[in-house]
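Inspection log for the structure reproduced underneath, given as structure tokens.
The values are calculated or read from the model by the stated rules, or taken from the named source; none is laboratory data. Note that the coordinates shown come from a computational prediction; the quantities given were computed from them, not determined experimentally. We place every Cβ from the backbone using ideal geometry, glycine too, and count neighbours over all the protein chains shown. Remember, those area values only see protein heavy atoms, side chains included, never the ligands or the DNA or RNA. Shrake-Rupley method; radii C 1.70, N 1.55, O 1.52, S 1.80 Å.
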Amino acid sequence: MADPRSDYLARLDAALVGPRRTRRSLMREAADHLDDATEALVDAGYDEESAARQAVVDFGSVPDIAASFQTALAVAASRRTVWLLLLVLGYQPLLWDSGLNLASNSAGIRSDRWLFQLLDGAIEAGSWIVLVGAMFLLVATGIGNRWWFIGRATARFAGVFALAATTFVPLTSVGMIVAAGSADVGLWMLALILVVLPLAGVAVSARRTLAAT
């Protein structure tokens with residue numbers, strides 16, 4: 001006869017959505033708990049099959065356990081998304097505002113145009129807001145999660161926040177190049193490789209976070 005623990009774990013795993021590593025860790029935790037409970041029941045006089053069946057009953061229904069595990073998965077997914085967002089945005093000032101200063105050093109840039117100046121101010125202010133918000137969410141979903149219960153609402157907010165950032169920053173960056181009237185192919189390629197594509201990856205992670213919530 002099939003082991004009820006295997007069937008239970010298969011149904012539980014199928015009910016979960018989120019990062020693979022965290023999901024595997026949670027499933028190992030559940031499997032270990034069921035094995036330990038079964039062993040304790042056998043020592044108490046149950047036969048192996050009855051002990052396994054009782055251990056599954058005592059552990060809790062799949063919907064109840066899945067709901068608890070899913071919250072942990074959602075928080076883990078949101079934390080990964082925030083890390084990616086910080087990583088991608090962290091090097092942007094070096095590329096465009098200081099250091100290499102790619103925009104100003106590219107051919108055809110008209111940085112004196114009013115729309116360019118407006119978008120430049122918007123992206124500078126917006127980037128600071130995004131960076132501060134991302135750092136706050138990183139603390140909330142990491143260290144903060146040890147002190148307070150961080151539920152799916154926080155994870156969902158992190159996903160929405162990241163999606164908004166991955167829309168605002170590329171659109172504003174591209175808008176600045178258009179407003180500056182640059183036809184420099186190299187600049188467009190840099191914007192694609194260093195801004196648009198990395199933030200598209202963050203957007204994919206943000207969507208997965210929302211799916212986990």
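Computed quantities for the displayed model
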| read-out | value |
| --- | --- |
| Identity of the residue in segment 55-93, surrounded by fewer than 14 Cβ atoms within 10 Å (Cβ to Cβ) and among the polar types (S, T, N, Q), that ends up nearest to G45 (Cα to Cα) | S61 |
| Residues that are surrounded by fewer than 16 Cβ atoms within 10 Å (Cβ to Cβ), assigned to a helix (DSSP H, G or I) and of a type outside the set (D, E), drawn from segment 2-21 | S6, A10, R11, A14, R20, R21 |
| Matching residues in segment 179-193 - criterion: being touching a residue at least 12 places away in the same chain (Cβ under 8 Å), out of contact with any Ser or Thr (no Cβ under 9 Å at 6 or more places or on another chain) and more than 17 Å from L119 (Cβ to Cβ) | A183 |
| Unique match (being within 30 Å of I193 (Cβ to Cβ), assigned to a helix (DSSP H, G or I) and not basic (K, R)) among A52, A30, A76, A37 | A76 |
| Considering residues of segment 119-143 that are assigned to a helix (DSSP H, G or I) and out of contact with any helix residue (DSSP H, G or I) (no Cβ under 8 Å at 6 or more places or on another chain) only, the residue most open to solvent (accessible area, probe 1.4 Å) | W128 |
| Residue in segment 163-213 that is modelled with the lowest pLDDT, counting only those that are outside any helix (DSSP H, G or I) and buried (at least 16 other Cβ atoms within 10 Å of the Cβ) | S182 |
| Condition met for L94 (at pLDDT below 90 and not in a helix (DSSP H, G or I)) | no |
| Test set (1) surrounded by 12 or more Cβ atoms within 10 Å (Cβ to Cβ); (2) free of Cβ contacts under 8 Å to residues at least 12 places away in the same chain; (3) within 30 Å of T209 (Cβ to Cβ) - R24 fails condition number | (1) |
| Residue within segment 27-34 that is within 27 Å of A153 (Cβ to Cβ) and surrounded by fewer than 15 Cβ atoms within 10 Å (Cβ to Cβ) present | yes |
